[in-house]
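The values are calculated or read from the model by the stated rules, or taken from the named source; none is laboratory data. What you see is a predicted model, and the numbers here were worked out from it, not measured in a lab. Because the Cβ atoms are built from the backbone with ideal geometry, glycine has one as well, and the counts that use them run over all protein chains shown. The accessibility values were calculated without ligands, DNA or RNA, using every heavy atom of the protein model including side chains. Shrake-Rupley method; radii C 1.70, N 1.55, O 1.52, S 1.80 Å.
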Amino acid sequence: MIARTADTALVEMRRLLGLLSFRERELAPEPSLDQLDALLDTARSAGCRVTYVPEISAGAAPSAGMRVSAHRIVQEALTNVVKHAGPVDVLVSVRGDDAGLVIEVRNDPAAPGHRPVTGSGRGLIGMRERVAAFDGSLAAGPREDGGWLLRTVLTEKAPHPTEAGG
């Protein structure tokens, strides 16, 4: 009886938290390339020295989904820098044209004495899923100097032709 009551209470609490979380997301602005400054400032407040180089061609208009994915990729990359390298120099570049976006996040080697936080690997998995949704590519790995480089390419998918049938 007690176990069933506790289970019921947990289910109800999860539903309530889910509704609150949904409502919060509903009220928050959609993340986009326009909100990268907040991400960069968060990394800076963690001690990183971040340089941002945007190179979006005039008239280029990435889709809303691509802009959200780009924001989330930069967010995860900066989170990984802070967790695994600590307060280091970071270069974030976003280049774009009508064909898509290229995002690079480069960081220097970990600061002396920095103890990296163990990761689950879900961040890279999530980035790979976002990249795959745009027929893109992702390369992530160590640089020769001991730093790290993440490079993603997102391309706008061409609409798939519908099959003629009858």
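One residue is enough: does segment 105-115 have a residue meeting the conditions open to solvent by less than 70 Å² (accessible area, probe 1.4 Å) and under 21 Å from Leu33 (Cβ atoms)? For segment 105-115, residues open to solvent by less than 70 Å² (accessible area, probe 1.4 Å) and under 21 Å from Leu33 (Cβ atoms): present. Remark: pairs (first residue in segment 95-109, among the small types (Gly, Ala, Ser); second residue assigned to a loop (DSSP other than H, G, I, E, B) and open to solvent by 10 Å² or more (accessible area, probe 1.4 Å); Cβ separation under 8 Å; 6+ apart in sequence or on different chains) = Gly96/Ser57; Gly96/Ala60; Gly96/Pro62; Ala99/Glu156; Gly100/Pro62; Gly100/Phe134; Gly100/Gly136; Gly100/Glu156. Take Glu12 and decide whether it is open to solvent by 80 Å² or more (accessible area, probe 1.4 Å) and either modelled with pLDDT of 80 or more or more than 19 Å from the chain's Cα centre (by Cα) (or both). Answer is yes for this residue. The set of residues in segment 115-166 being part of a loop (DSSP other than H, G, I, E, B) and either basic (Lys, Arg) or at pLDDT 85 or above (or both) consists of Arg115, Ala133, Phe134, Asp135, Gly136, Arg143, Glu144, Asp145, Gly146, Gly147, Lys157.
Failed condition for Leu36, given (1) out of contact with any His (no Cβ under 9 Å at 6 or more places or on another chain); (2) not in a loop (DSSP other than H, G, I, E, B), with all others met? Of the numbered conditions (1) out of contact with any His (no Cβ under 9 Å at 6 or more places or on another chain); (2) not in a loop (DSSP other than H, G, I, E, B), the odd one out for Leu36 is (1).
Note on segment 84-114: among residues that are assigned to a strand (DSSP E or B) and charged (D, E, K, R), the one that is modelled with the lowest pLDDT is Asp97.
Residues in segment 51-63 that are of a type in the set (A, V, I, L, M, F, W, C) and either open to solvent by less than 60 Å² (accessible area, probe 1.4 Å) or in contact with a Phe, Trp or Tyr (Cβ under 8 Å, 6 or more places away or on another chain) (or both): 2 in all.
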